[in-house]
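Below you'll find the structure, written out as structure tokens, and then a few comments.
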Amino acid sequence: MDNQPINQPMQPAGGDVQPQGPPAAYPPYQSAAMPPGPPQPRSGMKTWQIVCIVVTGSVLAFIVVIVGIVVLSSSANRKINDSENRTDSREERSSKRRVYKNDTVSFNYHNALEEQSLESWNYNVRKGTVIDRRVYGANRMDYFVVYTQVKDDGHPANMTKLQMANEMKLLAKQVESGGSVASDALRHEQFICKDYEPQNLSGLTASVDEIVDGTPAVRISYSCDPELGDISKEVNTQQLTWYDHEGRLNTITVSANYVMEKRYGKDAILLPVKTARLRQSSY
């Protein structure tokens, strides 16, 4: 075997040797491609979302304003109504009463009463002079008020409260004991009762009391068969008598049968004796 040089390229069979180019170059190393991640959200809000928020906020603000206006208006209306109701109530109470006053005394009486003519009301006192006299009546005189003021020389002006109190205590005892003094004290019953002597009055009581301003008085109560009005119904009477600071004896008598008491209410009927007061005082 012939020795051939080492590293000699082998000749292909058939003759011609094909030249070989330079070895192919390998491409640079590339890392494996990563799969794409989820899409990233865009920053900010879309226009339609902003519009919705603005519109919704505006609607809510409008509703809040309307509710506030309604609440405030309702509250204001309640206050106005309450004020009107209080005014109406005061006017109603005021409209149910009238006021009489002279130079020393005032009292209220129900507006159902009308002042009566005194021509047929003969009224005399055994002692003193009648200074003032009023008669108010309603419903055929089933309910009426009589007021008189008498001045006698035995009681001077500027009486002290203690003097008045002593006079009232004495008068209360005299009324309960009967006799001429009782008849004088009950002078109004001649307008009221068919039989007007003290012994003919049922339930006659007399007690020391006061008028509104604290002036001593005598309260007298009795019932009788009436001289006027519905004579089939007994009338109940309350009388209040007191001296004022001019030494005048004032007497208010309120009489009504039970029908009138039920119609007008006992408190309303008794307004004169509940509201009598002195207009001025020297003690």
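The values are calculated or read from the model by the stated rules, or taken from the named source; none is laboratory data. On a predicted model such as this, the values are computed, not experimentally measured, just so you know. When we count neighbours, we look across all protein chains shown, and the Cβ atoms used for this are built from the backbone with ideal geometry, even at glycine.
Results, tabulated for the structure shown:
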quantity	calculated
Selected residue (criterion: modelled with the highest pLDDT) from residues of region 168-204 that are over 23 Å from PHE144 (Cα atoms) and of a type in the set (D, E, K, R)	LYS169
Test: residue in region 214-235 that is hydroxyl-bearing (Ser, Thr, Tyr) and under 20 Å from VAL99 (Cβ atoms)	yes
Any hit, region 193-201, residues being assigned to a loop (DSSP other than H, G, I, E, B) and either outside the structural domain of GLU114 (by TED's automatic domain parsing) or under 27 Å from LEU162 (Cβ atoms) (or both)	no
Selection count where residues are of a type in the set (D, E, K, R) and closer than 30 Å to ALA165 by Cβ, scope region 208-238	4
Filter result (hydroxyl-bearing (Ser, Thr, Tyr) and either outside any loop (DSSP other than H, G, I, E, B) or surrounded by fewer than 22 Cβ atoms within 10 Å (Cβ to Cβ) (or both)) within region 211-246	SER221, TYR222, SER223, SER232, THR237, THR241, TYR243
Enumeration of residues in region 46-71 that are surrounded by fewer than 10 Cβ atoms within 10 Å (Cβ to Cβ) and either in contact with a Ser or Thr (Cβ under 6 Å, 6 or more places away or on another chain) or among the aromatic types (Phe, Trp, Tyr) (or both)	TRP48
Test: GLY178 is out of contact with any helix residue (DSSP H, G or I) (no Cβ under 8 Å at 6 or more places or on another chain), free of Cβ contacts under 8 Å to residues at least 60 places away in the same chain, on the phi > 0 side of the Ramachandran plot and small (Gly, Ala, Ser)	no
Top-ranked residue of region 101-144 - restricted to ones that are loosely packed, with under 11 Cβ neighbours inside 10 Å and at pLDDT below 75, ranked as farthest from the chain's Cα centre (by Cα)	ARG126
So SER255, is it within 26 Å of HIS110 (Cβ to Cβ), assigned to a strand (DSSP E or B) and in contact with a Gly (Cβ under 6 Å, 6 or more places away or on another chain)	no
Single residue of LEU204, LEU171, LEU186 found to be out of contact with any Phe, Trp or Tyr (no Cβ under 8 Å at 6 or more places or on another chain) and either crowded, with 19+ Cβ neighbours inside 10 Å or not hydrophobic (A, V, I, L, M, F, W, C) (or both)	LEU171
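Residues checked against (1) in contact with a strand residue (DSSP E or B) (Cβ under 8 Å, 6 or more places away or on another chain); (2) among the hydrophobic types (A, V, I, L, M, F, W, C); (3) assigned by TED's automatic domain parsing to the domain that holds GLY137:
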{"position": "ILE211", "(1), (2), (3)": "yes, yes, yes"}
{"position": "GLY214", "(1), (2), (3)": "no, no, yes"}
{"position": "ALA217", "(1), (2), (3)": "yes, yes, yes"}
{"position": "SER221", "(1), (2), (3)": "yes, no, yes"}
{"position": "ILE231", "(1), (2), (3)": "no, yes, yes"}
{"position": "GLU234", "(1), (2), (3)": "yes, no, yes"}
{"position": "GLN238", "(1), (2), (3)": "yes, no, yes"}
{"position": "GLU246", "(1), (2), (3)": "yes, no, yes"}
{"position": "VAL254", "(1), (2), (3)": "yes, yes, yes"}
